[in-house]
Every structure is written in structure tokens, then in C-alpha cells.
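So the structure is just underneath, and the comments pick up after that.
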């Protein structure tokens with residue numbers, strides 16, 4: 001029947017069985033097993049602390065992505081108000097990518113939270129088992145012959161080893177997951193950093209690799225509808241896109257003023 | 001029979017449960033061998049549900065190892081295939 005041994009569990013199991021083979025005197029094995037268990041328990045604790053640290057890093061990244069979404073939204077509005085629809089579209093595409101990533105990060109961090117709780121519970125259970133092993137070893141030493149003791153020790157130590165390996169496996173999986181999430185969020189942030197909109201005038205000059213990548217990543221229909229919504233909000237919505245760029249600064253200002261008084265700028269201009 | 005669901009904990013199944021368990025286990029392994037991902041996830045979930053619903057809790061003071069170790073509930077198809085087909089890893 002198949003069973004599973006992850007990297008961690010294989011390593012820990014190997015360690016346990018190795019130490020069982022070593023000693024000829026069962027009581028020596030008992031002491032050694034117990035010492036080793038205490039040592040490994042420290043590793044488990046440290047591993048869980050690592051998971052918590054990684055999770056906190058991800059939460060920081062989430063915050064950065066949230067800020068980025070707000071920033072890109074503002075920039076899209078600014079670009080649109082200045083009549084640069086291409087730039088607005090690029091900003092919205094980036095916002096779309098950041099938003100999608102943020103959503104998946106959110107749900108994965110929630111999952112991680114759950115895993116962390118489970119691991120903490122397992123660690124407590126493991127500690128209780130090690131404590132049991134400690135009291136059991138005194139009984140074994142006192143009551144059994146060497147041969148019988150060897151069997152009892154082996155069984156108990158293997159059981160504790162399995163429990164330990166299992167917490168180790170959970171830990172390993174949680175850490176792998178945080179690494180994956182972190183790498184993805186980093187990639188999105190790098191995309192944004194590579195084409196920062198610090199200076200609005202620098203953009204709109206042409207499409208670079210980043211823009212093409214973003215276009216592929218973001219859903220264009222979502223970007224289109226958001227752009228349309230934004231245009232309507234700014235009151236520049238009803239005219240064809242081509243007319244936007246053609247307008248003089250004065251006209252744009254006029255349109256904005258009309259928009260702010262609540263009228264539909266496009267219609268007012270046409271009438 | 002003591003079954004461990006990796007990363008979750010141990011359950012105690014009766015001997016008669018063991019037969020059903022074996023059958024469900026074979027379904028999951030067959031799906032892996034047939035390279036059928038959907039089938040694998042369905043079979044594996046069924047197996048997990050069977051163990052959780054029928055397995056009794058293992059006494060707190062039991063220190064012994066499990067007879068069988070199942071993969072973690074969130075195992076991916078790729079991981080399971082590596083586990084169940086070919087040489088696999090060292091069995092639990």
C-alpha cells in the first residue's frame with residue numbers, strides 16, 4: 001500500500017531509525033531518543049516561527065499592492081483628465097494585474113492562517129507525546145528485559161518520530177507556499193517598478209515590453225469597461241476617443257468644469 | 001488499523017473498514033496510473049472522507065506509528081503521481 005513521505009518526513013524518519021540502530025543498551029537508546037526528540041522539537045518550533053515570519057512578509061506585500069492599486073487608479077484618472085487615454089489605459093491595465101494578484105494573495109494568506117493554526121495544534125500534540133515518551137521510558141527501563149525493551153522503544157520512538165515528521169511536512173508545505181506567493185507578488189511589483197509613472201510626461205511615448213506583457217496579463221474587457229466608467233465620471237465619455245487628444249488645454253478645462261457641475265460634458269459641448 | 005492523513009493526524013479504522021479503505025485507495029492509485037487528474041481528486045477526496053467519517057480517534061497516550069500514511073489533503077496531482085506510480089518514494 002502506498003504511503004507518503006515528504007522531504008522532511010524522510011529525513012526525520014531516517015534520523016530516528018538511525019539512532020535506534022546505534023545503541024546496544026536499550027536504556028541508552030531511550031535517553032538518546034528522548035534527547036533527540038527534544039532537539040527536533042526545537043526545530044519544529046523554529047519552523048513554525050518561520051512560517052509566521054513569511055506570512056507577515058506576505059501581509060506587508062499585500063499592503064504594498066493595495067497602495068499600488070490606489071496609486072494606479074489615481075494616475076489613470078489624472079491621465080484621462082489630461083486627455084491621454086493611452087496612458088490611462090496602461091495604468092488601468094497595471095491596476096488590473098495588481099488587483100488580480102491581490103485577490104489571490106488574500107485568499108492564500110487566509111489559507112496559510114488556517115495551516116498555521118493547525119501546525120500550532122500539532123506542535124502541542126507532539127510535545128505531549130514527547131512528554132509521554134519521557135514517562136514511558138522510565139517504565140520500560142524498570143520493567144522489561146533488554147530484548148522486550150528494544151521492541152517497545154522502537155515502536156514508541158517510531159511513533160513519536162512519525163508525529164514529528166508530520167508536523168515537519170506541514171511546515172515545509174506552508175513554507176513552500178509562502179515562497180511561491182512571495183515570488184509572484186514580487187514579480188508584479190517589479191513590473192510596476194520597471195514602468196513607474198513618477199513622471200506622467202515620460203509615458204505614452206510608445207509601447208514597451210512591459211506594456212505588452214501587461215496587456216497579456218490583464219483582461220482587456222475589464223480594462224475597457226473601467227476606462228469607460230472613468231470617462232463617464234470625468235464627463236469626457238460620450239465623444240469618440242480620438243477627439244480627446246485633439247482638444248486644446250482650454251477645451252479640456254472647460255469639459256472638466258462642466259463635469260463638476262453635474263452635466264454631461266460631451267452633450268453640453270455638442271449642443 | 002491506524003491510518004494517518006499527513007499533516008492532519010491519526011485515525012483508527014476497524015478491520016472491516018480496512019477492506020473498503022483498500023478499495024478506495026486502489027481507485028486513487030489507478031487514477032494516477034491512468035493519468036486522470038479529475039478522477040484522482042474525486043477518488044482521493046472520497047478516501048479522505050471515508051477515513052474521517054469512519055475512523056475513531058486514536059487514544060492520546062498511544063505512541064506507536066501508523067500502518068498507513070495518506071498524502072496531505074492538499075496534495076497536487078503531480079505529487080501524487082510521483083508518489084503512487086513508478087518507484088515512488090520510500091513508503092511511509
Measure nothing fancy, just the Cα-based angle from helix B:15-33's long axis to the longest principal axis of chain B, in degrees from 0 to 90, nearest 10. 20 degrees
Need one number: nm distance between label points at residue A:148 and residue B:52, each 7 Å from Cα along Cα→Cβ, rounded to one decimal. 4.2 nm
Taking R0 as 35 Å and r as the Cβ-Cβ distance between residue A:182 and residue A:135, the FRET efficiency 1/(1 + (r/R0)^6), rounded to the nearest 0.05, comes to 0.25
State, to one decimal in nm, how far the label point of residue B:36 lies from the label point of residue B:23, with both points 7 Å from Cα in the Cβ direction. 1.7 nm
Need one number: nm distance between label points at residue A:127 and residue A:110, each 7 Å from Cα along Cα→Cβ, rounded to one decimal. 3.0 nm
Could you calculate the FRET efficiency of residue A:103 with residue B:79 from 1/(1 + (r/R0)^6), where r is the beta carbon distance between them and R0 is 30 Å, rounded to 0.05? 0.75
Counting each pair of different Cα atoms once, what's the Kirkwood radius of region A:34-190 in Å, rounded to one decimal? 18.9 Å
Shielding by partners, peptide A:164-176 (average Cβ within 10 angstrom, other chains): 3
How fast does chain B diffuse by Stokes-Einstein, in µm²/s, taking the Kirkwood radius from C-alpha pairs at 20 °C and 1.002 mPa s? 159 µm²/s
Please compute, for peptide A:154-162, the average count of beta-carbon atoms on other protein chains lying within 10 Å of each residue's beta-carbon. 4
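No value in this document is a laboratory result; all are computed from the given coordinates. Just so we're clear, the structure is a prediction, and the values are computed from it rather than from any experiment. Please note: Cβ atoms are built from the backbone with ideal geometry, for glycine as well, and neighbour counts cover all protein chains shown.
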